[in-house]
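Data first, discussion second: the structure below is written as structure tokens.
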Amino acid sequence: MIGLADVGTLLVEGLLLGLTIGTSCLLTCLPILLAHITADHPGWKNGLISSISFSLGRLFAYSVYAILFGLTGYLINEFVESSTLLFLIFSVIMVTFLLIYGLALSIGEDYFPSLTKKVCAFTQTKHSSIVLGILVGLFPCGPLFYIFAQAIILGAESLLLSFLFFLIFWVGTNIYIFIAGVSIGGGADYVRRHEEIERIRRISGFILVIVSLFHLVQLINLL
């Protein structure tokens, strides 16, 4: 049974993990935020709003994992095989979305204009940042696997502890996400005053295509 002192220690650990290995999470999020905010949400205010929405999406994804691992904490061995399949499914969904988004921005107007209009109409909305956050949050980047292991152990004690651990970790990582959102939004606004918007959107699209292909290679290596 975990005591109150142990709970406090675990929560501090979750915060410190968010502040430290959260920088590794940023390496996954930053290229996506860079392209998304630059192409569709320029300006420091829009960048901040997008980063907040993105983080709320990540919180939803982490909540799913907290519940999932919390409920299965007592079935660790039986859950390993099915969780691997789950990770692969989430990874395929994220890679597919990023690839379509990137192609729409980069070459969509030339090759599939009707689909591009629908994609861009969605990605320019505020809730598109939430969707991106959910997809990235569900994508199992390296540091999350340690968080998963902790959540499984805590889940054997209490589902609430599993959720709190994810929540505190999320809080720690948000500092970097918000700083990145404001910086990217402000930078995008400046660049747009000196470069053609269409060119900026194409470059953003190519960044997303490269990111999606990189993750696709990682995904294939897991198979």
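Working with all protein chains in place, sort TYR101, TYR111 by solvent-accessible area computed with a 1.4 Å probe, largest first.
Details: TYR101 5, TYR111 165 Å².
The residues order as TYR111, TYR101, largest area first.
What figure in square angstrom, to the nearest 10, would you give for the accessible area of SER50 with a 1.4 Å probe?
The value for SER50 is about 10 Å².
Report in % the part of the accessible area of segment 12-53 that belongs to carbon and sulfur, leaving out ligands and nucleic acids; probe 1.4 Å. Kindly include the intermediate steps, with their values, before the conclusion.
On the way: 1280 of 1650 Å².
Accessible surface attributable to carbon and sulfur in segment 12-53 totals 78 percent.
So how exposed is ARG192, as accessible area in Å² (1.4 Å probe, rounded to 10)?
The accessible area comes out at roughly 50 Å².
The values are calculated or read from the model by the stated rules, or taken from the named source; none is laboratory data. Since the structure is predicted, the reported quantities are computational estimates derived from the model, not experimental observations. We work out accessible area using only protein heavy atoms, side chains counted, and drop any ligands, DNA or RNA first. Shrake-Rupley method; radii C 1.70, N 1.55, O 1.52, S 1.80 Å.
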